[in-house]
Ligand code: CA
């Protein structure tokens, strides 16, 4: 999959390029709207990530102009602007999805997959994950256990998705930090333990066989049998 990343902050640019390449994307990077327009109209991309705060032009104006020029690839807007108005405007003006900074890498990757799947329905990638009686609907971002909906925060969903994708395997704290929180968190925080604790309170309720196991000093494993 060919991806155009339009982002002017060098640190985020480098982080995203590495992470996206690791996830299998072929990535081109543009640091401003002018360059982005040149790239996007000169080549065919499967998907675009566009930061709204660009040095030469607003990202929304860029997206509008690309749409006028016939660029139809889905656009994921990345922005520090969190207000509902900004999001609605972004989506009305030709963006296909909107993610606010700071974001979790796993969530960014999940949203890219969703956008691509919408555009290439034949891609046939999994939209559901199932581990024992736990089921995750990746499109609706909904988790159930034994048919009961779990009230998870978006972050908890991403964490549970990561555990499910690695069911039966041990994942360490640093793997979770890296994949779920991306670059946002200092590794010495106990954010993983806190979130696992809360997630366990929702997934492994009384009377159910516990699925999330702690291996002390090592990490966690989601039991697959
Ligand atoms: Ca920016």
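Side notes on the structure shown:
- Some residue of the range 81-90 being in a loop (DSSP other than H, G, I, E, B) and either within 14 Å of the ligand (Cβ to nearest atom) or over 30 Å from residue 163 (Cα atoms) (or both): yes
- For the range 41-71, filtering for residues that are more than 16 Å from the ligand (Cβ to nearest atom) and over 15 Å from residue 1 (Cα atoms) leaves 10.
- Residue match in the range 4-24 (condition: within 10 Å of the ligand (Cβ to nearest atom), in the same structural domain as residue 104 (by TED's automatic domain parsing), at pLDDT 95 or above and assigned to a strand (DSSP E or B)): yes
- Test set (1) within 24 Å of residue 162 (Cα to Cα); (2) part of a strand (DSSP E or B); (3) within 16 Å of the ligand (Cβ to nearest atom) - residue 27 fails condition number: (3)
- Within the range 172-201, considering residues that are touching a helix residue (DSSP H, G or I) at 6+ places or on another chain (Cβ under 7 Å) and modelled with pLDDT of 90 or more, the one surrounded by the most Cβ atoms within 10 Å (Cβ to Cβ): 199
- For the range 30-46, the tally of residues that are without any contact (Cβ under 8 Å) to a residue 60 or more places away in the chain, surrounded by 15 or more Cβ atoms within 10 Å (Cβ to Cβ) and part of a loop (DSSP other than H, G, I, E, B) stands at 3.
- Note on the range 131-168: residues that are more than 16 Å from the chain's Cα centre (by Cα) and surrounded by fewer than 13 Cβ atoms within 10 Å (Cβ to Cβ) amount to 6.
- Any hit, the range 105-116, residues being loosely packed, with under 13 Cβ neighbours inside 10 Å and either without any contact (Cβ under 8 Å) to a residue 60 or more places away in the chain or closer than 27 Å to residue 7 by Cα (or both): no
- Scanning the range 19-28 for residues that are out of contact with any strand residue (DSSP E or B) (no Cβ under 9 Å at 6 or more places or on another chain) and either closer than 23 Å to residue 41 by Cα or exposed (fewer than 15 other Cβ atoms within 10 Å of the Cβ) (or both) yields 22, 24.
The values are calculated or read from the model by the stated rules, or taken from the named source; none is laboratory data. Bear in mind the structure is a predicted one, so any value in this text is a computation, not a measurement. Positions of Cβ are generated from backbone atoms using ideal geometry, with glycine treated the same way; all protein chains shown enter the neighbour counts.
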